[in-house]
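Have a look at the structure below before the remarks.
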């Protein structure tokens, strides 16, 4: 995505477009893709000579199916990484080349350090988002089969709006807030060890 090739803006648009589609619409699309009878996933497996899979109807594959579906929305993070890559000063690469650095050395000593603020941001947002998975499981599996996709927020939703256990659901929400807060603070506390900000002087 960061290469200067013909039609790169079209490729970037294609990669980013799925991330702006409604979560419900994406979930319904993947329900069709994972349909065991006429879904695209099993059609591809049959064409490759493999046995079809009950993607969302088997507790052994349901969670994996949702993980596979989550790759659909990587466009948002991709654009942030792309912005970070394009923000790396070209003179650093030129200096590294004059010093005889290889491509791997340039990545390790130039690209990666300059991208650490972007990695830090995406890490924090990823931690927060991973604890708030709801729409996909609610629309596609309702937490099943055998509670294999019963994520925390979906369970909280059931306790509050299905069983009307308001106090229990409220306590769960506070626990979720505490876990996310502690993990976020941990990442912030450790960021001084690995996040580099250009122009910042270490004392």
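The values are calculated or read from the model by the stated rules, or taken from the named source; none is laboratory data. Note that the coordinates shown come from a computational prediction; the quantities given were computed from them, not determined experimentally. Every residue, glycine among them, receives a Cβ derived from its backbone with ideal geometry; neighbour counts consider all protein chains shown.
Within the range 171-190, identify whether any single residue is in a loop (DSSP other than H, G, I, E, B), farther than 24 Å from residue 65 by Cβ, free of Cβ contacts under 8 Å to residues at least 24 places away in the same chain and touching a helix residue (DSSP H, G or I) at 6+ places or on another chain (Cβ under 9 Å), and answer yes or no. So far as the range 171-190 goes, no, none of its residues is in a loop (DSSP other than H, G, I, E, B), farther than 24 Å from residue 65 by Cβ, free of Cβ contacts under 8 Å to residues at least 24 places away in the same chain and touching a helix residue (DSSP H, G or I) at 6+ places or on another chain (Cβ under 9 Å). Specify which of the listed residues (167, 143) is in a loop (DSSP other than H, G, I, E, B) and either out of contact with any helix residue (DSSP H, G or I) (no Cβ under 6 Å at 6 or more places or on another chain) or crowded, with 16+ Cβ neighbours inside 10 Å (or both). Answer to the check: 143.
Condition check for residue 114 on (1) assigned to a helix (DSSP H, G or I); (2) touching a helix residue (DSSP H, G or I) at 6+ places or on another chain (Cβ under 7 Å); (3) buried (at least 17 other Cβ atoms within 10 Å of the Cβ): one failure, at (2). Summed over the range 120-132, residues that are free of Cβ contacts under 8 Å to residues at least 24 places away in the same chain and surrounded by 17 or more Cβ atoms within 10 Å (Cβ to Cβ) total 0. All but one of (1) within 25 Å of residue 150 (Cα to Cα); (2) without any contact (Cβ under 8 Å) to a residue 60 or more places away in the chain; (3) in contact with a helix residue (DSSP H, G or I) (Cβ under 9 Å, 6 or more places away or on another chain) hold for residue 37; state the number of the condition that does not hold. Every listed condition holds for residue 37 apart from (3). Only residues that are part of a loop (DSSP other than H, G, I, E, B), at pLDDT 90 or above and within 27 Å of residue 19 (Cα to Cα) were counted across the range 61-100, and they come to 3.
Applying the criterion of being in contact (Cβ under 8 Å) with a residue 60 or more places away in the chain and exposed (fewer than 15 other Cβ atoms within 10 Å of the Cβ) to the residues of the range 16-31, the residue that is nearest to the chain's Cα centre (by Cα) is 23.
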